[in-house]
Amino acid sequence: MQGRITKVLNMKPAEILSMIEEAAGTRLYESKKQATLKLIEKKEKKVAEIHKILTEEINPTLEKLRKEREEYMRFTNAKNECDKLNRRVIAYDYKMAEASFAQSQTKSEEAKEQLKQLQADQKQHDTELQDIKKKINKQIGKKDKEQGSALKHMEEAVAGLSSDYVKCDVAAKHAREALDRDAAQLQSLLSGLDDLHRGIADKCERHVAAGAKLADAEKKNDATKEKLRMLHDCFETKSIGLSVGASGKASAADQLMRTNIQSLLIGMPQNIVI
């Protein structure tokens, strides 16, 4: 007994509490409490999983289904409205078809009346046409008898005209052949005329070039005449103030200059006037 008391005194607080609970009979409830807490923890985990499934899968699916339902409702409403409009259009078309059918019936009646009137007019015209044909046949018979001799004269005239036509045709062929020959000659003359025009154009170009060369030559001639005139004036000026030697003759340089100018004047064309 002493050993048990010592054992109890040496127990840890948790062991003492467990012994008291077991002695008091609350140990059973503690085990139930622990089992219940574990069950609650499992249920909470399950609830968390369910909530996660709701937030991640079911709620988006519900939202998508809700949107699809709204779209379906809008589609259904639009379809119903379209059906109403189609029924109205069909009713309107039916009314218009009835009206057009009534108008076509009235027009058909009018056309039938006009057809009857036309048939009656045609019968009357047929009778009148038969009468006119009879009258024409009578007139033709009379004219055939009267024009029998005249027809013979006309046939003879036609035969004469045929021979004249043959002669005219032959003459026309000859005239056409002559006309072809004249056309060929005219074509050759035209080609020769073209060659002549080209030759004249070449000669005109040469004449224009010669005129330009002549103008240049005249300009050079005028410049030469001007130089000669200036030399002549210079010579005359110098000849007036020429110094004479003791023998009364000009210097050799002056005589040489005079001789050169005179030779130039002699060698110039006759139409150049200084």
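The values are calculated or read from the model by the stated rules, or taken from the named source; none is laboratory data. Values in this document were obtained by computation on a predicted structure and should not be read as measured data. All Cβ positions, even for glycine, are placed from backbone atoms using ideal geometry, and neighbour counts span all protein chains on display. Areas reflect the complete protein model, heavy atoms only, side chains present, ligands, DNA and RNA absent. Shrake-Rupley method; radii C 1.70, N 1.55, O 1.52, S 1.80 Å.
Please determine whether any residue of segment 209-220 is surrounded by 10 or more Cβ atoms within 10 Å (Cβ to Cβ), modelled with pLDDT under 75, out of contact with any helix residue (DSSP H, G or I) (no Cβ under 7 Å at 6 or more places or on another chain) and not hydrophobic (A, V, I, L, M, F, W, C). Among the residues of segment 209-220, not one is surrounded by 10 or more Cβ atoms within 10 Å (Cβ to Cβ), modelled with pLDDT under 75, out of contact with any helix residue (DSSP H, G or I) (no Cβ under 7 Å at 6 or more places or on another chain) and not hydrophobic (A, V, I, L, M, F, W, C), which makes the answer no.
Condition check ((1) open to solvent by less than 100 Å² (accessible area, probe 1.4 Å); (2) among the charged types (D, E, K, R); (3) assigned to a helix (DSSP H, G or I)) across all residues:
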residue: Lys32; (1), (2), (3): no, yes, yes
residue: Ala35; (1), (2), (3): yes, no, yes
residue: Leu54; (1), (2), (3): yes, no, yes
residue: Thr61; (1), (2), (3): yes, no, yes
residue: Arg74; (1), (2), (3): no, yes, yes
residue: Asp93; (1), (2), (3): yes, yes, yes
residue: Lys107; (1), (2), (3): no, yes, yes
residue: Gln114; (1), (2), (3): no, no, yes
